[in-house]
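Here's the structure we're looking at; comments come further down.
Values quoted throughout were computed directly from the atomic coordinates according to the rules given, and no laboratory measurement underlies them. Computed from a predicted structure; not experimentally measured. Virtual Cβ from ideal backbone geometry, glycine too; neighbours counted across all protein chains shown.
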């Protein structure tokens, strides 16, 4: 049974969604604010965290950055009733797996939760990617990356970016393509320089020598 931490200060909304999730056979813990949520997160292991953005005290986006210090691959869905695009951009740049605007239908919310929890089922049948030249192996189902048989810790978004690059070897990928496929948002909603930042992190963590910058366009995994 998948375990979810739901952080929401609207207690009526919290109660309704928690009841629906339990009916769908998820194990759900609830918290009324970021402080309570962080305490529960430290004490338990969760498959997914769902957090409101606008809360008293610490907001959901700040909480996301704190949770990542404890678990770099934590999966977090952010919920917001605000139309502030800056919140959505900040959340996605911090590698939230999804950003959902309120009000949201139960059906849509459950679909997005299922997608976040079971993203591996959307991969093709082959569950292993390998780069012999870079000595990298990627287990798609376990979401594990090794370099020279040593585990390398990547954030959720770094992992998705690596997979996308490796599945498109010898192809020049524009920054816009990468944003649409990896972040799954319109390229106008995010600073494209965020792609450069994540590429740099991947190069450093995995000592990549095969990801080449294509001036004015994007990147190519040339191997």
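Quick check: pseudo-label points 7 Å beyond the Cα along Cα→Cβ at residue 184 and residue 130, how many nm apart are they?
Placing both labels 7 Å along Cα→Cβ, they lie 2.9 nm apart.
Ranked by Cβ crowding within 10 angstrom, fewest neighbours first, how are 182, 58 ordered?
Working: 182 20, 58 14.
The order, fewest Cβ neighbours first, is 58, 182.
With a/c under 1.5 counting as rounded, go ahead and sort region 1-86 into rounded, prolate or oblate using the C-alpha gyration tensor (a ≥ b ≥ c being the square roots of the eigenvalues; past the cut-off, prolate if a/b is larger than b/c, else oblate).
Values: a/c = 1.62, a/b = 1.10, b/c = 1.47.
In terms of gyration-tensor shape, oblate.
I need the calculated FRET efficiency for the pair residue 141 and residue 212, taking r as the beta carbon distance and R₀ as 30 Å, to the nearest 0.05. Please list the in-between numbers first.
Details: r = 29 Å, r/R0 = 0.97.
The formula returns an efficiency of 0.55 here.
Rounded, prolate or oblate: which fits region 122-221, taking a ≥ b ≥ c as square roots of the Cα gyration tensor eigenvalues, rounded meaning a/c under 1.5, else prolate when a/b beats b/c?
Numbers: a/c = 1.70, a/b = 1.42, b/c = 1.20.
It comes out prolate by the Cα gyration axes.
Starting with the fewest neighbours, write out 152, 45, 195 ranked by other beta-carbon atoms found within 10 Å of each beta-carbon.
Values: 152 18, 45 8, 195 23.
Going from sparsest to densest Cβ surroundings: 45, 152, 195.
Can you tell me what share of the DSSP beta bridges in the chain is antiparallel? A percent to the nearest 5 is fine.
On the way: 17 of 34 bridges.
Just about 50 percent of them are antiparallel.
What's the extension gain from residue 81 to residue 58 if we count 0.36 nm per residue and subtract their Cα-Cα distance?
Numbers: separation 23, 0.36 × 23 = 8.28 nm, distance 1.65 nm.
Gain in length upon complete extension: 6.6 nm.
Taking the Cβ of each residue in 166, 55, 1 as the centre, tally the other Cβ atoms inside 10 Å and list the residues starting with the fewest. Show your work: numbers first, answer last.
Working: 166 18, 55 21, 1 7.
Ascending number of Cβ neighbours within 10 Å: 1, 166, 55.
Go ahead and run the numbers for FRET between residue 150 and residue 193, Cβ-Cβ distance against an R0 of 25 Å, rounding to 0.05.
0.25
Give me the extension gain from residue 69 to residue 11: residue separation times 0.36 nm, minus the current Cα-Cα distance, reported in nm with one decimal.
Values: separation 58, 0.36 × 58 = 20.88 nm, distance 2.75 nm.
Stretched out fully, the residue 69 to residue 11 stretch lengthens by 18.1 nm.
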